[in-house]
């Protein structure tokens with residue numbers, strides 16, 4: 001359905017007011033991992049920050065309760081389009097939204113850009129196989145690999161965990177890979193990711209116990225007590241919490257978590273939890289009917305077998 005540019009972008013902004021609860025119910029907490037405005041803007045024909053701000057002012061300036069910040073302008077994966085990321089703040093909170101600008105600078109497009117072709121998910125799957133650095137469980141040669149980008153402080157990730165566990169129990173020939181994706185809006189998520197990375201490198205079994213333990217204790221953890229809580233949970237998982245705490249502040253650990261976040265960003269992850277089923281992105285785990293999630297997994301397995 002075609003809409004006017006003004007109407008589309010008004011909907012883009014007002015989704016923070018009218019659909020914030022719906023997005024959260026869908027199990028997708030918006031992230032703001034975008035860096036400062038990309039240096040690519042100097043190399044490619046992209047709209048300037050000034051132009052984007054002027055556009056937003058003309059479109060949304062009438063609303064005194066709405067503020068915005070241009071957080072990123074970069075070339076889109078779709079040739080000829082610039083991807084603009086804007087953080088919009090309303091009384092209901094902060095949301096990260098994206099739109100796209102044509103190369104001539106005369107039109108903006110809202111909505112998701114999705115992969116297309118005979119094998120639309122192959123590129124994401126190949127990238128994940130090449131760059132993943134998370135902790136895995138399940139058969140190494142399984143026809144289906146589910147990659148989960150997750151944030152240990154995210155309540156929607158906690159809610160999704162039993163769903164993922166049920167899926168793995170019923171689809172035993174499936175491999176799960178956990179990738180850290182701490183959201184900057186969460187005050188102890190990055191520390192949790194650092195601890196998780198270290199636990200995972202110490203013991204695969206301990207990692208999954210640690211993840212479950214953090215989710216179970218999630219509401220009791222705050223920034224002020226995060227180190228103590230996470231050390232205790234590491235001990236309870238079967239590794240030395242003090243050694244894990246020392247590992248968590250090492251530059252190598254911080255770098256591994258950063259690379260995991262960069263991998264998610266490069267694949268269009270904007271919130272948690274996001275699953276990739278053989279490269280196919282699923283972001284609405286919380287509201288997607290379980291049978292559909294199961295069908296997607298079984299279909300991926302059939303596709304993998306047929307392609308051999």
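So if I take the alpha carbon set of region 212-301, get Rg, then get Rh from the Kirkwood formula, what is the Rg over Rh ratio?
Values: Rg = 16.9 Å, Rh = 15.9 Å.
That ratio equals 1.07.
Below 8 Å between Cα atoms, with a sequence gap of 6+, how large is the relative contact order for the chain in percent?
Details: 495 pairs, mean separation 66.6, N = 308.
Computed value for the chain: 22 percent relative contact order.
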> Can you give the angle from 0 to 90° between the axis of helix 204-216 and the longest principal axis of the chain, with both taken from C-alpha atoms, to the nearest 10?
Replying inline: 60
> Which whole-number percent of Cα pairs in region 43-159 have a distance greater than 18 Å?
Replying inline: 67
> Relative to the longest principal Cα axis of the chain, at what angle does helix 122-131 sit, 0 to 90 degrees, rounded to 10?
Replying inline: 50
> Relative to the longest principal Cα axis of the chain, at what angle does helix 226-237 sit, 0 to 90 degrees, rounded to 10?
Replying inline: 40
>> Give me the base-10 log of I(q)/I(0) for the chain at each q in 0.13 Å⁻¹, Debye formula, one uniform scatterer per Cα, rounded to two decimals.
In response: -1.00
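All of the numbers you see were taken from the coordinates with simple rules; none came from a lab. Here the structure is a predicted model, which is why all the values come from computation and not from measurement.
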